[in-house]
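Visitor: Structure provided below as structure tokens; questions to follow.
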Amino acid sequence: MKQILFLTLGILLTSFISGIGIDFEIKGQAESKKYGYSEKKPIMVGGGSSAGHHFQFLEHLRGPNGEKLVTSRIGSCGDYDNPDSTLTNFKKGVLTCFSIDCPSFKKPRILYFDKYRNGDLYVPKDLKWEE
């Protein structure tokens, strides 16, 4: 019984993270070097209380030479006053940080995501998008 439960949870989590049903409308390459790399210019993947959009966005990002990125969730990294209670019931919106790395980087980089607010989506500088 426990094995079936864990298998079911694993399938649900994989479906949640894999991006099934999410089509990102990418506007192109970001002009700003700070887009995605700064708390002030996070990648606004929206989704309200659905936490998976940032994981799904990361699945499409590649290194400068098309390499798959090694990603690691760092955690919450900054907040802002929540201007819209329909986005989340929390008084604050929270940014989420991920470390990204690939052979083309001299050192890992940090990407900032806002999983509550929507915004135009771009590919951060020095990265590529794969459908």
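Visitor: Could you tell me whether any residue of the range 15-24 is farther than 21 Å from Glu131 by Cα, modelled with pLDDT under 95 and exposed (fewer than 11 other Cβ atoms within 10 Å of the Cβ)? If you could, list the steps in order and put the result at the bottom.
Guide: If we filter the range 15-24 for residues that are farther than 21 Å from Glu131 by Cα, which is where we start, we get none.
Checking the range 15-24: not a single residue is farther than 21 Å from Glu131 by Cα, modelled with pLDDT under 95 and exposed (fewer than 11 other Cβ atoms within 10 Å of the Cβ).
Visitor: Does Ser72 satisfy the criteria of being more than 23 Å from Ser32 (Cβ to Cβ) and free of Cβ contacts under 8 Å to residues at least 40 places away in the same chain?
Guide: For Ser72, the condition - more than 23 Å from Ser32 (Cβ to Cβ) and free of Cβ contacts under 8 Å to residues at least 40 places away in the same chain - is met.
Visitor: Related question: Would you check if there is a residue in the range 84-100 being surrounded by 13 or more Cβ atoms within 10 Å (Cβ to Cβ), over 13 Å from the mean Cα position of the chain (by Cα), part of a loop (DSSP other than H, G, I, E, B) and at pLDDT 95 or above?
Guide: There is no residue in the range 84-100 that is surrounded by 13 or more Cβ atoms within 10 Å (Cβ to Cβ), over 13 Å from the mean Cα position of the chain (by Cα), part of a loop (DSSP other than H, G, I, E, B) and at pLDDT 95 or above.
Visitor: On to the next question. Only one of (1) charged (D, E, K, R); (2) at pLDDT below 95; (3) in contact with a Leu (Cβ under 8 Å, 6 or more places away or on another chain) fails for Arg62. Which number is that?
Guide: (2)
Visitor: A further question follows. Check Lys34, Lys27 and return the single one that is assigned to a loop (DSSP other than H, G, I, E, B), at pLDDT 95 or above, over 15 Å from the mean Cα position of the chain (by Cα) and surrounded by fewer than 16 Cβ atoms within 10 Å (Cβ to Cβ). Give the derivation first.
Guide: Working: Lys27 fails: assigned to a loop (DSSP other than H, G, I, E, B).
The conditions single out Lys34.
The values are calculated or read from the model by the stated rules, or taken from the named source; none is laboratory data. The shown structure was predicted, so the numbers you read here are calculated from the model rather than taken from an experiment. Cβ coordinates were reconstructed from backbone atoms using ideal geometry, including for glycine residues, and neighbour counts include every protein chain displayed.
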